[in-house]
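Here's the structure we're looking at; comments come further down.
The values are calculated or read from the model by the stated rules, or taken from the named source; none is laboratory data. Since the structure is predicted, the reported quantities are computational estimates derived from the model, not experimental observations. For neighbour counting, all protein chains shown are included, and Cβ atoms are generated from backbone atoms with ideal geometry for every residue, glycine included.
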Amino acid sequence: MKFILREDTVSLTDFARNTKKHTEELAECGRPRILTQNGKAAAVVLSPEAFEKMAHDAEEYELDLRLRDAIRDVLDGKRGIPAEEAFERLRKRTALRRKSRG
């Protein structure tokens, strides 16, 4: 997620006074808004869509790291657990999820 420092930095006071304008701009441009207090960055505000994308990207990155580690373990001869045990664990987790939804 990119931002343009000159355009995307506003004071907390300005953001509070012009909240509607700023939130509309956030939705329009999709970039974060950096809020300053006494000339220093104090907070970052995102549109819900930008936050969802950032959260999704972070989750995907974490899954990629886990997959890379798992592949490295297999290549290093660490085979993990037997398939029967893995499938049994998956069946139990699936059953628990179904119960909690039902």
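Side notes on the structure shown:
- Any hit, segment 60-68, residues being in contact (Cβ under 8 Å) with a residue 24 or more places away in the chain and closer than 30 Å to Glu28 by Cβ: no
- Entry remark, segment 27-58: residues being touching a Lys or Arg at 6+ places or on another chain (Cβ under 6 Å) and modelled with pLDDT under 90 number 0 in total.
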